[in-house]
Amino acid sequence: VTPGLPPADARARIGAMLRGAPELERLAPLLTAVLPVTIDDTELTREMSGDVRAANTKRLLLDLVRATTRTQPLVLALEDAHWLDSASWALLVEAAQSVDGLLTLVTTRPMPEPAPPEFTRLTSLPGATRLRLGGLAQDEMLALLAHRLGVETVPGALARFIQERVAGHPFFAEELLQAMVERGAVRVEHGVCQVGDLSALDLPTTVESVIVSRLDRLTSAEQLCLKVASVIGRVFRSRLVQQAHPVEDERERVPGHLGGLSAAYLFRHVITRDVTYETMPLAQRRPLHRAVAEWYERQYEDLSPHFALLAWHWGHAADPPKTATYLEKAGQQAVRDGAFREGVLF
């Protein structure tokens with residue numbers, strides 16, 4: 001069930017998925033906690049909260065996964081697991097432990113110490129394999145640069161120049177390469193990579209400073225579009241950027257600006273978003289957070305999927321009453337769904 005699917009269609013799809021399993025069908029409203037659609041509580045689920053609701057939600061999701069693996073093997077892939085909440089961690093560990101025919105792939109940044117206990121349990125399961133990814137080797141760097149430039153190969157001098165500065169960091173390498181292309185030091189002619197005098201280049205020495213140097217090359221209108229987008233998050237709707245834009249006369253130009261920026265500047269990595277956000281003073285951020293929060297309040301009749309997000313935006317807009325209201329709602333929701341660690345935090 002994908003975001004943007006009309007609620008009626010989403011409910012119909014869920015109903016078809018559960019048809020023939022009346023016990024699971026009665027629990028369908030519990031899927032509201034994990035899918036972008038609201039299913040009204042039944043008499044059974046209305047009485048569930050806390051541990052009981054969390055246990056039944058976990059049971060429903062595990063049964064759906066098991067139903068899939070009865071007919072074919074299944075790969076469950078989760079990216080950025082360092083952002084999982086405690087209820088999701090518990091579900092992941094249970095699925096990895098108890099579902100036959102399931103291969104679980106999890107990617108995460110290095111975990112802080114102490115790591116979540118569920119992460120430790122997951123990596124300690126029989127048959128678990130943990131891979132630590134290091135920097136790219138020289139041949140891998142060559143392949144990455146060639147791929148980004150759309151050529152068969154790149155000069156070894158270019159790969160060595162970048163490798164010496166980025167120590168195998170792929171995202172840093174991509175940003176540095178793009179900065180060199182924009183300065184004309186690297187160009188592609190007739191499918192061949194041409195490199196200028198690298199010794200004369202004065203390039204930033206950190207990935208953050210490379211991103212800032214690239215942002216500085218944009219027009220002020222393009223920079224402002226990216227700043228509005230960075231307040232929303234790494235992924236955002238063009239329409240929201242347009243409506244939250246602080247310069248009313250510029251709003252109609254926002255889709256064009258974003259279209260031009262999409263290839264090289266939008267937030268493929270959270271670092272790009274964070275650096276863009278940090279270029280704004282508090283006085284500029286606060287009204288943008290307010291505009292985004294107000295957009296959500298106007299846009300959605302049911303705000304329950306957005307309580308935590310609204311608390312975050314109103315907090316950064318320096319509006320304590322609104323922040324407290326949504327923190328309380330997010331906390332009650334977390335406890336109701338069994339995410340007790342997050343309930344305490346909110």
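The values are calculated or read from the model by the stated rules, or taken from the named source; none is laboratory data. Just so it is clear, the structure is predicted and the values come from calculations on it, not from any experiment. All Cβ positions, glycine included, derive from the backbone under ideal geometry; neighbour counts span all protein chains shown. SASA here: full protein model, heavy atoms, side chains in, ligands and nucleic acids out. Shrake-Rupley method; radii C 1.70, N 1.55, O 1.52, S 1.80 Å.
For the range 110-125, enumerate the residues that are open to solvent by 90 Å² or more (accessible area, probe 1.4 Å) and either under 20 Å from Glu342 (Cα atoms) or at pLDDT 90 or above (or both). Passing the criteria: Glu113, Pro114, Arg121.
Among Pro7, Pro36, Pro3, which is modelled with pLDDT under 75, open to solvent by 80 Å² or more (accessible area, probe 1.4 Å) and closer than 22 Å to His306 by Cα? From the options Pro7, Pro36, Pro3, the qualifying one is Pro3. Note on the range 179-193: residues that are in contact with a strand residue (DSSP E or B) (Cβ under 9 Å, 6 or more places away or on another chain) and either loosely packed, with under 15 Cβ neighbours inside 10 Å or not in a strand (DSSP E or B) (or both) total 5.
Of the helices (runs of 4 or more DSSP H) that lie entirely inside the range 266-346, those containing 3 or more residues that are open to solvent by less than 70 Å² (accessible area, probe 1.4 Å) and of a type in the set (A, V, I, L, M) span 270-278, 282-299, 307-316, 320-336. Of the helices (runs of 4 or more DSSP H) contained entirely in the range 203-265, those carrying at least 3 residues that are open to solvent by less than 60 Å² (accessible area, probe 1.4 Å) and within 17 Å of Phe171 (Cα to Cα) fall at 207-215. Among residues of the range 150-171 that are on the phi > 0 side of the Ramachandran plot, those with a beta-carbon under 9 Å from a residue that is open to solvent by 70 Å² or more (accessible area, probe 1.4 Å) and at pLDDT 90 or above at least six positions away or on a different chain give the pairs Gly168/Glu140. Considering the range 70-87, the residues that are surrounded by 17 or more Cβ atoms within 10 Å (Cβ to Cβ) and in a helix (DSSP H, G or I) include one that is modelled with the highest pLDDT, namely Ala81.
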